[in-house]
Amino acid sequence: MRHTDSTPPKVPATPKELASFIDHTLLKADATETMIEALCNEALVHHFYAVCVNGAHVKKAREFLGSNQGVKVAAVVGFPLGAMTTRAKVFEAEQAVMDGASEIDMVLRIDLVKTKSWGALRSDVAAVVEAVRGRAIVKVILETGLLSLDEIAAAARTCDEGGAHFVKTCTGFSTSGFPAGAATPQHIALMRDSVRAHVRIKASGGVRDFKTAQALIAAGASRLGTSSGVALVTEKQITTEGY
């Protein structure tokens, strides 16, 4: 069952029921066309909600999925740091939509949260939302691992004011001095309480086992971003780190 604004998600009772929550994700810098094709094939086999890829792979992902519109293509924008100009994010989002994306996962400017520059943050989000209006939904990644609880709540509210369709936890990436973070039920519940009912929540970062997925959905998540989707729905042991 697809989850809409008017149908709050029911917590899956079995791993297989997780499939419709999952954005099957491959965002590694060394991802090849062959790997993207495999990702898309897995999404088709397991009926995942979407594949989530970098902008350079959007067109091929849409081609690999063919005429099957049941699996969406999500493209990341301003990824993974968010420290791009608004104009650059708008261009990237527009190009992704032209190439076949129907969902945009953009990273907010974390510095604007840290300096409480809420007007500038709202404008950054709103510009991307407006650029793809009627063609794609926009999920805004907060990077919760770098924020306090008060900052998470305020950032989520500001993204809602900017027109975001989703607020999302983490990029799942880590570089020197830049912790990846992981989705937690506490953060999901806080984000759910901080935005209006029509704004949805995506949990990403560290979603690698069924119990964690259940807890995140119970807390208010209606989408899960993970590179471990196949293992999650087939109950296979996850032995490597992933998004």
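The values are calculated or read from the model by the stated rules, or taken from the named source; none is laboratory data. From a predicted model like this one, the values you see are computed outputs, not experimental measurements. Heads up, the Cβs are rebuilt from the backbone with ideal geometry, glycines too, and the neighbour counts pull from every protein chain shown.
So which residues in region 102-136 are touching a Gly at 6+ places or on another chain (Cβ under 9 Å) and either among the polar types (S, T, N, Q) or not in a helix (DSSP H, G or I) (or both)?
The answer is ASP105, MET106, VAL107, LEU108, ARG109, SER123, ARG133.
Are any residues in region 36-53 part of a helix (DSSP H, G or I) and touching a Lys or Arg at 6+ places or on another chain (Cβ under 8 Å), and if so, which ones?
Taking region 36-53 and keeping what is part of a helix (DSSP H, G or I), we get 36-46.
Listed by number, the residues that qualify are ILE36, GLU37.
Could you please tell me which pairs satisfy a Cβ distance under 7 Å, a separation of 6+ or placement on different chains, a first residue in region 182-194 that is of a type in the set (Lys, Arg), and a second residue that is modelled with pLDDT under 95?
Partner pairs satisfying both residue conditions: none exist.
Name the residues in region 74-92 that are within 20 Å of GLY172 (Cα to Cα) and hydrophobic (A, V, I, L, M, F, W, C), would you?
ALA74, ALA75, VAL76, VAL77, PHE79, LEU81, ALA83, MET84
Of the residues ALA197, ALA183, ALA189, ALA154, which single one is surrounded by 19 or more Cβ atoms within 10 Å (Cβ to Cβ) and hydrophobic (A, V, I, L, M, F, W, C)?
Sole residue among the options that is surrounded by 19 or more Cβ atoms within 10 Å (Cβ to Cβ) and hydrophobic (A, V, I, L, M, F, W, C): ALA183.
Could you tell me whether ALA231 is within 17 Å of the chain's Cα centre (by Cα), of a type outside the set (D, E, K, R) and either surrounded by fewer than 19 Cβ atoms within 10 Å (Cβ to Cβ) or in a helix (DSSP H, G or I) (or both)?
Numbers: within 17 Å of the chain's Cα centre (by Cα): no; of a type outside the set (D, E, K, R): yes; either surrounded by fewer than 19 Cβ atoms within 10 Å (Cβ to Cβ) or in a helix (DSSP H, G or I) (or both): yes.
The answer is no for ALA231.
For SER148, indicate whether it is farther than 16 Å from VAL207 by Cα and in contact with a Gly (Cβ under 9 Å, 6 or more places away or on another chain).
no
Of the conditions (1) within 21 Å of GLU103 (Cβ to Cβ); (2) modelled with pLDDT of 95 or more; (3) surrounded by fewer than 19 Cβ atoms within 10 Å (Cβ to Cβ); (4) among the acidic types (Asp, Glu), ASP30 fails just one. Which one is it?
Exception for ASP30: condition (1).
LYS139 fails exactly one of the following numbered conditions: (1) in contact with a His (Cβ under 9 Å, 6 or more places away or on another chain); (2) assigned to a helix (DSSP H, G or I). What is the number of that condition?
In the conditions (1) in contact with a His (Cβ under 9 Å, 6 or more places away or on another chain); (2) assigned to a helix (DSSP H, G or I), LYS139 misses (2) alone.
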